[in-house]
Amino acid sequence: MEKMPFIPVKISVSLSKIRMKIKIHPLLKNKYILASIAFIILVGFVDNNNLIRSFKTQRSIRELEKTKEYYLKEIQHTKIIWEDLTNNPASFEKFARETYFLKKPDEEIILIEMK
């Protein structure tokens with residue numbers, strides 16, 4: 001097998017012809033806009049106190065405030081019942097009979113369960 005002789009070939013192509021022409025929006029060339037976009041991404045998604053986490057905490061705060069309101073209403077209801085039980089002996093007796101099935105010594109209690 002014969003070796004082919006090396007023939008140097010001069011390539012005269014300028015770099016400007018090889019370089020691809022990528023069109024970039026003029027606003028993306030501005031360094032202040034790029035810095036602002038990077039800051040928004042950092043604060044909005046990457047940071048520990050990001051927007052997603054703050055929305056979740058706001059939602060949980062609203063839910064906790066609702067449960068707090070519920071329990072405050074329950075406390076008020078319980079206080080009203082307590083006042084009634086401590087001041088009215090008839091309501092105290094009714095509560096004891098209905099809740100704990102208490103009876104007087106000469107009574108019998110018959111429970112009827114409906115199926």
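The values are calculated or read from the model by the stated rules, or taken from the named source; none is laboratory data. Quick caveat, the model's predicted, so the values are computed rather than measured. No Cβ is skipped: glycine too gets one built from the backbone with ideal geometry, and neighbour counts run over all protein chains shown.
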Working only within region 62-115, note down all residues that are surrounded by 10 or more Cβ atoms within 10 Å (Cβ to Cβ), outside any helix (DSSP H, G or I) and either among the hydroxyl-bearing types (Ser, Thr, Tyr) or modelled with pLDDT under 90 (or both).
-> Leu102, Lys103
Within the set of pairs 6+ apart or on separate chains, which have a first residue in region 68-93 that is of a type in the set (Phe, Trp, Tyr), a second that is modelled with pLDDT under 95 and in a helix (DSSP H, G or I), and C-beta atoms under 6 Å apart?
-> Phe92/Leu85
Subset of region 18-61 [at pLDDT 80 or above, touching a helix residue (DSSP H, G or I) at 6+ places or on another chain (Cβ under 6 Å) and of a type in the set (A, V, I, L, M)] | Ile33, Leu51
